[in-house]
Amino acid sequence: MKKILVILMTMLTLGVQAQQRQISYVEATKNWYYVYDESGKKIGGLSRSSIGDLKGWGSDFLVAKYYSFYRIYDAKGKVLKAMNASDVGEIVGVSGNTITSRRGSWIFTWDKKGKKLSSRSAN
């Protein structure tokens, strides 16, 4: 019974560690984006035709524009949030756990779940 508990705890720990891997690099090829963690291991691959144009990545998410929407993905390619590009504006930067966009004379900061954190005048 003890061995089974140890095995289950090990599997649970490994599963949590895999989910917490940080994105270190995204390699863009003609048809794919390959996502790598901080140790250089490939986390996953995302088809350009299915996610659109990659705009940037943070520590554990990616942002891509697909037609008139920005989609926020986790490192494995699961959509976390879709946001209308007309509401967001143009993505100007992605860093750490935030996304920065500009719409008209306003700059917005968003979290990786698509929640608006702040806004300020661009002037």
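The values are calculated or read from the model by the stated rules, or taken from the named source; none is laboratory data. What you are looking at is a predicted structure, and each value in this text was computed from that prediction instead of being measured. Ligands, DNA and RNA are excluded from the accessible area calculation, which covers all protein heavy atoms including side chains. Shrake-Rupley method; radii C 1.70, N 1.55, O 1.52, S 1.80 Å.
Laid out as a table, the results:
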{"quantity": "Using θ = phi - 60° and Karplus 6.51 cos²θ - 1.76 cosθ + 1.60, couplings along the range 101-118 (whole Hz; Gly, Pro as x)", "calculated": "9, 10, 10, x, 9, 10, 10, 10, 10, 10, 8, 5, 9, x, 8, 6, 8, 7"}
{"quantity": "Amide proton proximity set for Ala122, modelled H, under 5 Å, gap of 5+", "calculated": "Trp106, Ile107"}
{"quantity": "Sequence-distant residues sharing a close amide H with Leu80 (under 5 Å, placed H)", "calculated": "Ile72, Tyr73, Asp74"}
{"quantity": "Gain on full stretching of the segment that runs from Val79 to Lys30 - 0.36 nm per residue minus C-alpha separation", "calculated": "15.5 nm"}
{"quantity": "The range 40-123 - percent of accessible surface contributed by carbon and sulfur, probe 1.4 Å", "calculated": "47"}
{"quantity": "Amide H partners (placed H, <5 Å) of Asp60, local residues excluded", "calculated": "Ile23"}
{"quantity": "Residue-by-residue Karplus 3J(HN,Hα) for the range 67-79, coefficients 6.51, -1.76, 1.60, Hz, glycine and proline x", "calculated": "6, 9, 10, 9, 10, 9, 10, 7, 5, 8, x, 7, 6"}
